[in-house]
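Visitor: Got a structure here, written out as structure tokens. Questions coming.
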Amino acid sequence: MPEGHTIHRAARLQRRRFAGSRLSLDSPQGRFSEGAAALDGRTLITIDAYGKHLFYRWEDGETLHVHLGLFGRFRMWTSDPPEPTDGTRLRWRADAGTLHLSGPTACELLDPDAEVAIRARLGPDPLAPTPDGPVRFARGLARRRAPVGQALLDQALIAGIGNVYRAEMLFLAGINPLRSAGDVTTAQADQLWSLAVTLLGIGERIGRIVTVDHARRGYRRPRDVPRGERLYVYRRHGEPCLVCGAQIERVALSGRTVWWCATCQPS
DNA sequence: GCTGCATGATGAA
DNA sequence: TCATCCTGCAGCA
């Protein structure tokens, strides 16, 4: 589930439901018992998202850092929450609802220095845009020799891209994932950044990744595109390209599989 | 019940 | 590049 869009969406929905509330926290699994006890009964001020990281601000200045990793997942109920599973690292409850967090890579209290260190190693976030974001991204890309498909997963270059968006962005930009990042033109770098802003924005709004041109495929909105037609190349090895009909290829890159169309993304 | 797999990231070799 | 950590689910017996 979790690329940058999931994180920003979680921040927005949880903020809306819980910001300003006094929360009861515990760790049914027991692996975050001390932290939960430290926060129990305090008021949540707000939640900041950056890249794939979440920072929860509590009264009295505490910060809770959450990173979902590959398996992490939030579940939220407005009424009648189920019993927590064995994997529920953190549970919190307020009048407005109940939240369970399972499987995170990080769920920890953070001192200010540690947060600065985390933020310092992250590149620009297309969902937290600043004026210099596109330029920082383009410069970073131009400086790298690694394949562009590998570079896009580097959170120091662009924060929030994961394996689905990397494959889909490269398809839409017509760039072969194995091409050297440094050989990507400035215009293509700008296009990749714009695609990231647009695609992650759609994902943040509707809660799932849809990268196909919904109008061209006969749907009114991205959210109307049915499962199975939402992506151009991700996990479509051997199937026909939705644009040209050629077979989708795949290759391992920086330990993860990337898919592409050899015709639409020539080397 | 078991196996394998997944939209992530790190540290050692 | 590999091993490791983090869970839940589908697919199978």
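The values are calculated or read from the model by the stated rules, or taken from the named source; none is laboratory data. The structure presented is a predicted model; accordingly, all values stated were derived computationally and were not measured. Methodologically, a virtual Cβ is constructed for each residue, glycine included, from the backbone with ideal geometry; neighbour enumeration extends over all protein chains shown.
Visitor: Touching a strand residue (DSSP E or B) at 6+ places or on another chain (Cβ under 8 Å) and either in the same structural domain as A:Gly149 (by TED's automatic domain parsing) or within 14 Å of A:Gly162 (Cα to Cα) (or both) - does that describe any residue in segment A:220-232? Before the answer, list the steps.
Guide: First, the residues of segment A:220-232 that are touching a strand residue (DSSP E or B) at 6+ places or on another chain (Cβ under 8 Å): A:232.
Pick out the ones that are also either in the same structural domain as A:Gly149 (by TED's automatic domain parsing) or within 14 Å of A:Gly162 (Cα to Cα) (or both) and you get A:232.
Looking through segment A:220-232, at least one residue is touching a strand residue (DSSP E or B) at 6+ places or on another chain (Cβ under 8 Å) and either in the same structural domain as A:Gly149 (by TED's automatic domain parsing) or within 14 Å of A:Gly162 (Cα to Cα) (or both).
Visitor: Output the residue which, of all residues in segment A:42-76 that are in a loop (DSSP other than H, G, I, E, B), more than 15 Å from DNA strand C (Cβ to nearest atom) and surrounded by fewer than 18 Cβ atoms within 10 Å (Cβ to Cβ), is nearest to the chain's Cα centre (by Cα).
Guide: Checked segment A:42-76; the qualifying residue nearest to the chain's Cα centre (by Cα) is A:Glu62.
Visitor: Which count do you get for residues in segment A:89-104 that are in contact with a Leu (Cβ under 8 Å, 6 or more places away or on another chain) and within 16 Å of DNA strand B (Cβ to nearest atom)?
Guide: Matching residues across segment A:89-104 total 4.
Visitor: For the condition in contact with a helix residue (DSSP H, G or I) (Cβ under 7 Å, 6 or more places away or on another chain) and either in contact (Cβ under 8 Å) with a residue 12 or more places away in the chain or outside the structural domain of A:Ile158 (by TED's automatic domain parsing) (or both), what is the one hit in A:His53, A:His67?
Guide: Being in contact with a helix residue (DSSP H, G or I) (Cβ under 7 Å, 6 or more places away or on another chain) and either in contact (Cβ under 8 Å) with a residue 12 or more places away in the chain or outside the structural domain of A:Ile158 (by TED's automatic domain parsing) (or both) holds for just one of A:His53, A:His67, which is A:His53.
Visitor: Could I ask something else about it? For A:Ala38, indicate whether it is in a strand (DSSP E or B), more than 16 Å from DNA strand C (Cβ to nearest atom) and among the small types (Gly, Ala, Ser).
Guide: No: the conditions fail for A:Ala38.
Visitor: Looking at (1) farther than 12 Å from A:Val258 by Cβ; (2) within 16 Å of DNA strand B (Cβ to nearest atom); (3) in contact with a helix residue (DSSP H, G or I) (Cβ under 6 Å, 6 or more places away or on another chain), find the lone condition where A:Asp154 falls short.
Guide: (3)
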